[in-house]
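Contents: one structure, followed by commentary.
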Amino acid sequence: MWMISGLGWRLRQIFQRIWVRVTAFGVLGVIVALSAAWLSPFLPEDLGKSIGAGSVEAILKIIASSMLTVTTFSLSIMVTAFGSAQTGATPRAISLLQSDSLTQQVMASFMGAFIYALVGIIALETGYYGDAGQFVLFIATIGVIALIVAMLLRWIQHLSEFGRLDDTITRVEEATRAAMRKRCETPLIGGATWQAISPGAWRACAHRTGHVQVADMAKLQSIAQEQDCRIWLCAPPGAFVHPAEALVCCDALPMDAQARVALEEALRDAFVIAHVRSYDQDPTFGLRALAEIGSRALSPAVNDPGTGIDIMGRLLRVLGEWTPETCTQPQFDRVLVPALTPQELITNAYDALARDGAAQLEVAQRLQLVLNAAALVKPELCKAAAKQARRAADHAAAALTLPEDIAKIEALARKTEQLTQ
């Protein structure tokens, strides 16, 4: 089952930040550097002299100076990659680059090696190690060098793709497909099928303006059980809310105003609201991000119809993961959740591309072909795809100049519309 609590989501967001791994590797570097003295009583005292472990200080100085340089250089590469993704693709993709696990591992390894070398040098200068301790430090340093070499090789390979347009698009596509699969594996986020809101239900509004990132379904279910009521999730993940917008509707009737205020606060605490949307629990955000990349590519300033056409195919692959949401045995039976509709999915995916690519025949043709394919691959999307095909044909008729080009698009649109008959 795919659910996440507000606290779990916040913890996962924290652990995805680069400073967490850097700190962990830094602490590990300190522990490794100091543990050499702790292990020395178990080794012969003259072991270090016999193998020349006294040279370890010079090696540590090389590691310290080189790792500081490499870390600084790698940080500049990261910033450049983020800027490239923002200008070439979409700012909505930067969060995916920032949470890249390999980049975080490499940066954390470099920083951990630097801290290890620095602590080792300081300990050597203060006489912290004996001869046996220097031997242990020498062996640990060989291991650190091996780790650095392995990470450098992985980093070099990673840099050939990291932050490039195709890499950024692929990351957005994979994140969107993952969100779509999870949403379909747990229909309605585990809630019950949406029903009309009861006339006597009252609203609990948002306490701030922003987008819903996560709805804690378990907490909402717990509140509904305590109050012996039903809760309508009016603002699912991705929804834009403000203090006049309802997060949920509830048919519980608190006995007094104070009890209602307490209940409203408990309901608000089940939501994480921020100024940006998140890919978690929100597959339509990924569809919009992909469409935004395509729209930017189709703009006169970029003039890259090939990328726009590529995005259309990727969107079709994402929509192929979707299945109609039906939940006969919901885990949270007291929380009613609206389903993702075919029209919502198709509009988020292709409406902007239909508008921005209308003046380019090859783009308009590919869009009609992709919409026809969506109608054939997913019959549940047929009506929505046909409606979008007609809308795209109208855009093309207004933007194209040659009657024969307009006729081609019109014929393709009618072909999709016929699938609904």
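Computed quantities for the displayed model
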{"quantity": "Inter-part distance where the stretch 201-230 and the stretch 262-322 are each reduced to a Cα centre, Å", "calculated": "24"}
{"quantity": "Using θ = phi - 60° and Karplus 6.51 cos²θ - 1.76 cosθ + 1.60, couplings along the stretch 299-307 (whole Hz; Gly, Pro as x)", "calculated": "5, x, 5, 9, 6, 10, x, x, 5"}
{"quantity": "Helix 403-417 axis, angle to the chain major axis (alpha carbon atoms, nearest 10°)", "calculated": "90"}
{"quantity": "Solvent-accessible area of H211 with every protein chain in place, 1.4 Å probe, in Å² to the nearest 10", "calculated": "40"}
{"quantity": "Square roots of 5 times each gyration tensor eigenvalue, C-alpha, the stretch 202-244, largest first, Å", "calculated": "20, 12, 8"}
{"quantity": "All Cα pairs of the chain, percent lying beyond 29 Å", "calculated": "60"}
{"quantity": "Prolate/oblate/rounded label for the stretch 125-244 (Cα gyration tensor, a/c 1.5)", "calculated": "prolate"}
{"quantity": "Between the stretch 53-128 and the stretch 328-359, the Cα center-to-center distance that results, in Å", "calculated": "42"}
{"quantity": "Normalised contact order of the chain, rounded percent, pairs of Cα under 8 Å and 6 or more residues apart", "calculated": "17"}
{"quantity": "L247 long-range amide H proximity, modeled H, under 5 Å", "calculated": "A204, C205, A206"}
{"quantity": "Bins of 10 Å, starting at 0 and running to the largest distance - Cα pair percent for the stretch 223-342", "calculated": "11, 31, 28, 17, 10, 4, 0"}
{"quantity": "Tilt relative to the chain, helix 131-159 - C-alpha long axis, 0 to 90 degrees, to 10", "calculated": "30"}
{"quantity": "Residue-averaged 222 nm ellipticity for the chain, from DSSP H runs of 4+ at -39500 (n - 2.57), nearest 500", "calculated": "-21500 deg cm²/dmol"}
{"quantity": "Lys/Arg +1, Asp/Glu -1 at C-beta; the chain dipole; positive extreme among H158, T326, P305", "calculated": "P305"}
{"quantity": "Per residue, in Å², the accessible surface of the chain once ligands and nucleic acids are set aside, probe 1.4 Å", "calculated": "47"}
{"quantity": "The stretch 68-153 - percent relative contact order, Cα under 8 Å, separation 6 or more", "calculated": "33"}
{"quantity": "Computed P(r) (all Cα pairs; the stretch 59-103; 10 Å bins; percent)", "calculated": "25, 39, 22, 12, 2"}
{"quantity": "All-pairs Cα distance distribution in the stretch 355-421, expressed in whole percent, bin size 5 Å", "calculated": "3, 23, 33, 22, 13, 6, 1"}
{"quantity": "Test item: Cα-centred dipole of the chain, Lys/Arg +1 and Asp/Glu -1 on Cβ, debye", "calculated": "520"}
{"quantity": "Kirkwood Rh, Cα atoms: Rg over Rh of the stretch 103-146", "calculated": "1.05"}
{"quantity": "Share antiparallel - DSSP beta bridges, the chain, percent rounded to 5", "calculated": "70"}
{"quantity": "Within the accessible area of the chain (1.4 Å probe), percent carbon and sulfur", "calculated": "60"}
{"quantity": "Cα-based helix-to-principal-axis angle, 56-88 vs the chain, degrees rounded to 10", "calculated": "10"}
{"quantity": "The stretch 287-406: mean projected area of Cα convex hull, nm²", "calculated": "8.2"}
{"quantity": "Convex hull of Cα atoms in the stretch 67-206, direction-averaged projection (nm²)", "calculated": "15.2"}
{"quantity": "Amide H within-cut-off set for V214, under 5 Å, with H built and near neighbours excluded", "calculated": "V272"}
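The values are calculated or read from the model by the stated rules, or taken from the named source; none is laboratory data. If you're wondering where the values come from, they're calculated on a predicted model, not measured in any experiment. Counting neighbours? That spans all protein chains shown, and the Cβs are built from the backbone with ideal geometry, glycine included. These accessible areas exclude ligands, DNA and RNA; they are computed on the full protein's heavy atoms, side chains included. Shrake-Rupley method; radii C 1.70, N 1.55, O 1.52, S 1.80 Å.
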